[in-house]
Amino acid sequence: LKGAVRLNQVDFSYVEGKPVLKQVSVYANPGQKIAFVGSTGAGKTTVTNLINRFYEIQGGVITCVGIDVKDIEKDSLRLSQGAVLQDTHLFTGTVMDNIRYGRLDATDEECIQAAKAANADGFIRRLPEGYQTMLTGDGTNLSQGQRQLLAIARAAVKDPPIMVLDEATSSIDTRTEQHIQQGMDTLMEGRTVFVIAHRLSTIRSAHRIIVVDENHILEEGTHEKLLAAGGEYAQLYNAQKRVV
């Protein structure tokens, strides 16, 4: 599946009578990066879960390449999407095995190319046995930043047309964050990308920023447009700048 993703007048509740999303409309075309901003519990992650059909909506419609996602087999839908989430889960096996988990028929060379694209090849080659280094206990022998880079490599080897990125750089040092951001930038190229944003400084280049608040879209636009409007996004952005 390649192409546009549309949410049209979507309603969703985890619990009946307590709407998480109300009449939400969002569109994203190939090559576009759409960022979701908002407080915890505002519904940012819910939007991306609905695109994957982890939950069924109560109202409205979600389409992928013009087809209602309800008419697309879940396996096909999820094969067309990749995700880099806040929590990176690695399993006991080699570094190569963990990257290949993104696409089980990937060759060693394809896994290495994915690692290079994700900016992970350098640290992998410095490990005791390189790509054949064994990982245990969810990758506890790696740093948080290294685990995140492997998650990006795993998504890169899958090579999906649609990407969901839940930024997880808030507790990582600045240099590692730059490596991760470069890896993500490579991964996003030419794809339809949804970013759940925590550090607003990382989404200034987004084609559209959507501010979600209390089950609806509060405002949307480019970084420059939203700053000029002086609304919720501008307040959030300036508050983060003061903290930094």
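Below, the figures for the structure above:
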read-out: Some residue of the stretch 214-231 being open to solvent by less than 20 Å² (accessible area, probe 1.4 Å), among the aliphatic types (A, V, I, L, M) and assigned to a strand (DSSP E or B); value: no
read-out: Neighbours by Cβ (under 8 Å, 6+ apart or cross-chain): first from the stretch 113-130, over 19 Å from Asp159 (Cβ atoms); second outside any loop (DSSP other than H, G, I, E, B) and open to solvent by 40 Å² or more (accessible area, probe 1.4 Å); value: Phe123/Gln146
read-out: In the stretch 50-65, the residues that are in contact (Cβ under 8 Å) with a residue 40 or more places away in the chain and either among the aromatic types (Phe, Trp, Tyr) or touching a strand residue (DSSP E or B) at 6+ places or on another chain (Cβ under 8 Å) (or both); value: Leu50, Ile51, Asn52, Tyr55, Ile57, Gln58, Gly59, Gly60, Val61, Ile62, Thr63, Cys64
read-out: First in the stretch 38-49 and within 19 Å of Gln240 (Cβ to Cβ) and free of Cβ contacts under 8 Å to residues at least 24 places away in the same chain, second anywhere and outside any helix (DSSP H, G or I) and of a type in the set (Gly, Ala, Ser), Cβ under 9 Å, 6 or more apart; value: none
read-out: Checklist (1) surrounded by fewer than 20 Cβ atoms within 10 Å (Cβ to Cβ); (2) small (Gly, Ala, Ser); (3) in a loop (DSSP other than H, G, I, E, B) applied to Gly122, failing item; value: (3)
read-out: Candidates Gly139, Gly145, filtered to the one that is in a loop (DSSP other than H, G, I, E, B) and surrounded by 16 or more Cβ atoms within 10 Å (Cβ to Cβ); value: Gly139
read-out: Positions within the stretch 109-158 being touching a Phe, Trp or Tyr at 6+ places or on another chain (Cβ under 9 Å) and at positive phi, in sequence order; value: Asp138, Gly139
read-out: Residue tally, condition in a strand (DSSP E or B), within 27 Å of Ala234 (Cα to Cα), open to solvent by less than 50 Å² (accessible area, probe 1.4 Å) and not β-branched (Val, Ile, Thr), over the stretch 12-58; value: 6
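The values are calculated or read from the model by the stated rules, or taken from the named source; none is laboratory data. This structure is a prediction, so every number in the text was calculated from the model and none was measured. Cβ: placed from backbone, ideal geometry, glycine included. Neighbour counts: every protein chain shown. Just so you know, the surface numbers come from the protein's heavy atoms only, side chains and all, with ligands and any DNA or RNA stripped out. Shrake-Rupley method; radii C 1.70, N 1.55, O 1.52, S 1.80 Å.
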